[in-house]
Amino acid sequence: SFSEIFVESLKPLGDSSYGLYDTVKAVSLVSSLFFLLASLVLNFSLILNILCSRKTSVAYFRLLIVYCIFHVLFQASDSYLDCRTIFNQWLEPSQALKWLEDNVGVLRRGLVGVLFLLVSTLTIERFLASVMSGVASICLQFLSALIALSGPAILVAFQIISTQRPSSTFSLDYEVWFGLEVGIYIILPLLVLTIFGTVNYCKVSISSRKMPNFEVSAVKTNIGLVVLTNISIFIFLIQECLILWLVQLNSRTEWDQAVMEMSNLVSVSQLCVRLGFNVIQFLVPIFILCLSSTCCSSCCCSSIDQLREARYQPVNRTADNVSL
């Protein structure tokens, strides 16, 4: 049964006879399931908060809902990466299961690229909201969102085609795909976040123009998202390099004890780095929810809170209160 297979996968946690790789793999399995459950709860709560508080009047929060959906999809793919051995033992072999087994790593990296590019799109939206409005702003926001979704999707499609058809035109070495992933998933969003993130922060820092509450919340949310995404990008780059190293080790024709030990060490390092990446991604919806709550929003970036528009309560003055 599924429960027996799952318990069997957790045995390395309580048995010291297992190696370091098996123990780290069991820890990664438990943590990925926890992060998936937390992502479902936190992102669902965040989407409800945006809808119920009517923040969808600001384009930033409409894009943020899309980000929340892809965040859950990413956590689901990451969990399947750890649970695929369990599913292969529990379920009957099928074409769909084999397809997932072969392509889940590519899909996960593609979803990470979508998350990074969506944060870039959110940052561009903050820039456009401060310099223009109307149809031009809407068109540019739509174009940036389209690039954020279509770029990784096209790259993932080509990678899957090259895997299924080794003799096709798109069959390239892993080093080539590594370069394309680094360019689209890492360098492009890092460039956008560096330029537009810096410009946005400088504009807010030197501005004295009052803004509506939702706009202030969008500014504060974007600053935190940019910081957490920059950390995630560098961790993801380390993970990409470790995966490339592992592929090169596995492609060696001669295997000796030293190569096996190095391959095991790189595999353990890759699992640890992936765990660190998931921890940072776990903090993202928590951070946004904290900013969305009334009790915590005033504690963060108090200098930006000073830009909120003053909201005056109407006062009813009767004739008895007027002194002649």
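The values are calculated or read from the model by the stated rules, or taken from the named source; none is laboratory data. A quick note: this is a predicted structure, and the numbers were derived from the prediction, not measured. Counting neighbours? That spans all protein chains shown, and the Cβs are built from the backbone with ideal geometry, glycine included. For the accessible areas, the whole protein counts, side chains as well, though only heavy atoms, and no ligand, DNA or RNA atoms are used. Shrake-Rupley method; radii C 1.70, N 1.55, O 1.52, S 1.80 Å.
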Computed over the range 36-166, Cα set: Rg, Dmax in Å:
17.7, 56
Would you list, by chain and number, the lysines whose Cα falls below 25 Å from the Cα of Lys203, excluding same-chain residues fewer than 8 positions away?
Lys55, Lys220
How many angstrom separate the Cα center of the range 249-294 from the Cα center of the range 44-69?
30 Å
If R0 = 51 Å, then Arg54 and Met262, at their Cβ-Cβ distance, give a FRET efficiency to the nearest 0.05 of 0.35
Once fully extended, how much extra length lies between Ala157 and Lys11, figured as 0.36 nm per residue of separation less the alpha-carbon to alpha-carbon distance?
48.9 nm
Tell me, what is the FRET efficiency for Val30 and Leu191 to the nearest 0.05, using R0 = 35 angstrom and their Cβ-Cβ distance as r?
0.45
Of all alpha-carbon pairs in the range 205-289, indicate the percentage at a distance above 16 angstrom.
64 percent
If ligands, DNA and RNA are left out, what is the accessible area of Trp177 with a 1.4 Å probe, given in Å² to the nearest 10?
20 Å²
Accessible-area order (highest first, 1.4 angstrom probe) of the listed residues Phe234, Phe87
Phe234, Phe87
Of all accessible surface on the range 39-165 at a 1.4 Å probe, what whole percent is carbon and sulfur?
70 percent
For the range 23-135, accessible area per residue (1.4 Å probe, heavy atoms of protein chains only), Å²:
43 Å²
Taking the Cβ of Ala153 as the centre, find all other residues whose Cβ is under 15 Å away and add up their charges (Lys, Arg: +1; Asp, Glu: -1).
+1
Under 19 Å Cα to Cα from Lys11, which lysines show up? Leave out anything in the same chain fewer than 8 places away.
Lys25
Which value, in Å² rounded to 10, gives the accessible area of Cys83 with a 1.4 Å probe and all protein chains present?
10 Å²
So, counting K/R as plus one and D/E as minus one, what does the shell of residues with Cβ under 12 Å around Trp177 add up to?
-3
Length added when fully stretched, Phe44-Ile86, from 0.36 nm per residue minus Cα-Cα
12.4 nm
